[in-house]
Amino acid sequence: MTTWQHEFNLDKDLIYLNHAAVAPWPVRTQHAVEEFARLNVRRGATDYPHWMTIEQQLRERLARLINTSAENIALLKNTSEALSIIAYGLDFKHGDEIVGIADDFPSNRIVWESLANRGVIFKAVSLDALADDPEASLIDAVTDRTRLLAVSSVHYASGLRLDLARLGRHCRETGTLFSVDAIQSLGVVPFDVEAVRADFVAADGHKWLLGPEGVALFYCRPEIRDRLQIQQFGWHMLADKGNFDQKDWQIADDATRFECGSPNMLGIHALEASLAFIEETGVQTIQRKILNNLSYLFDITSNIGNIEVMTPRADERHAGIFTFRFSDQAIDYQALWHRLMAQGVVCAPRGGGLRFSPHIHNNSVQISKAIQIVTDQIGKMD
């Protein structure tokens, strides 16, 4: 048994294909949380200096994950908070435009739509996941009034993976800011913030980073950090955050300026352990195994005539999401999902179909069984 196989201890009656929603933790993450709780019960905050060391280790792991330095990493509550910092930190003017994806996850739509009362226009671009050049639709929507292009690296429903480097080049050439919600790709696809030319990157830790909810990465390109007006204030975002008696305070120069209050130390211990596993295993290794699982899904569903795959097949066009539907039947996918969950197939109804999102602990036997259970349940719903 390989090292990574020891890290997953899922119930044997489950086929877990839902990492694009909330992922199961590695065993080491469970142990990190248990140890943190045990010591907290016995010692309270006596070991807070050590906790701060774990916090710094997490920043450094996240920095390596996206190819930046630790001082550029803020630890926030979730992706939505990070995107809100961008939306309400930038000095948008009446008539400014933000270009995004029409049916993107709500976190990456609502925040931009909320700026309408300031006269900011959110241009929602419809993308065909199976089209040859989905990036062209986004690029064509960018005008001289566009201040920001805000996309998800991988579409949460269709599984379409965008060519971020191409979008980033266009944004840099046109002076448009570029925001990437990377929650559906970090941990499964290598990411280089310099190559992508992203100005902002946000991602919560509870999906492909295999961590808990409540801890998120936020990156802001240091050259434009001062362009984000601070909207949240507290002791933790100060340059001299340990000096509680200071009267003339200054905000931190680094990314901790976006962290207004006490950090989620429990979540930090958990995510640090999960990222240690990812780093030791290697994102490239994880990607290869997940792509193999998706390739198997493409192959076995191609033999089922009434299955329509909504995810593009080319390896560079998907990450870990495989979404499909039955083209010749009117299926209540919410009802089908409940049936599958009762059978131990953990997945999600998304985009008018079913979304499978396997990880490295899944294998062809499990995937074949899951597809068989799906087709069996479809037969019972006729």
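The values are calculated or read from the model by the stated rules, or taken from the named source; none is laboratory data. Note that this is a predicted model, so its numbers are computed, not measured. Cβ atoms come from the backbone with ideal geometry, glycine included; neighbour counts cover every protein chain shown. Surface areas here come from the heavy atoms of the whole protein model, side chains and all, with no ligands, DNA or RNA. Shrake-Rupley method; radii C 1.70, N 1.55, O 1.52, S 1.80 Å.
With 0.36 nm allotted per residue and the present C-alpha distance subtracted, the Ile300-Asp253 stretch has 11.6 nm of extension available.
Structural descriptor for the range 231-382: relative contact order 17 percent, calculated from alpha carbon pairs under 8 angstrom and at least 6 residues apart.
Give, rounded to the nearest 20 debye, the magnitude of the charge dipole that the chain has about its Cα centre when Lys and Arg contribute +1 at Cβ and Asp and Glu contribute -1 at Cβ. Walk me through the intermediate numbers first.
On the way: 37 positive and 49 negative charges, 92 e Å.
In debye, rounded to 20, the chain gives about 440.
Cα centroid separation, the range 174-248 to the range 5-80: 17 Å. Take the Cα of Ala45, step 7 Å toward its Cβ, do the same at Thr174, and the gap between the two points is 4.8 nm. Full extension of the chain between Cys260 and Arg64 yields a length gain of 68.2 nm, computed as 0.36 nm times the residue separation minus the alpha carbon distance.
Per-residue SASA remark: Cys171, around 0 Å² accessible (1.4 Å probe; ligands, DNA and RNA not included).
So with the 1.4 Å probe, I'd like the accessible area per residue for the range 328-382, rounded to whole Å². Don't skip to the end; give the middle numbers.
Details: 2420 Å² over 55 residues.
Solvent-accessible surface per residue comes out at 44 Å².
The gain in end-to-end length when the His6 to Ala136 segment is fully stretched comes to 42.4 nm, 0.36 nm per residue minus the alpha carbon separation. For the chain, the relative contact order works out to 23 percent when only alpha carbon pairs closer than 8 Å and six or more residues apart are counted. The GNM of the chain, with springs linking C-alpha atoms under 10 angstrom apart, assigns the highest mean-square fluctuation among Ile183, Ile321, Ile139 to Ile139. Summing +1 for each Lys or Arg and -1 for each Asp or Glu among the other residues whose beta-carbon sits under 12 angstrom from that of Ala216 gives -3.
Among bridges DSSP assigns within the chain, what percent are antiparallel (round to 5)?
On the way: 20 of 39 bridges.
Around 50 percent of the beta bridges assigned by DSSP in the chain are antiparallel ones.
Going through the range 183-279, which trypsin sites (Lys or Arg not before Pro) have at most 11 other Cβ atoms within 10 Å and a DSSP loop state? Intermediate values should be presented prior to the final figure.
Details: sites: Arg197, Lys207, Arg225, Arg227, Lys241, Lys247, Arg257; in loops: Arg197, Lys207, Lys241, Lys247.
Those satisfying the criteria are Lys247.
Using C-alpha pairs below 8 Å separated by at least 6 residues, the relative contact order for the range 175-315 is 22 percent.
Which pairs break 22 Å Cα to Cα here: Lys93/Lys247; Lys289/Lys369; Lys207/Lys289; Lys77/Lys207?
Details: Lys93/Lys247 34 Å; Lys289/Lys369 18 Å; Lys207/Lys289 17 Å; Lys77/Lys207 14 Å.
From Lys93/Lys247; Lys289/Lys369; Lys207/Lys289; Lys77/Lys207, over 22 Å: Lys93/Lys247.
Distance between the modelled labels on Met341 and His31, one decimal in nanometres: 3.2 nm (7 Å Cα→Cβ projection).
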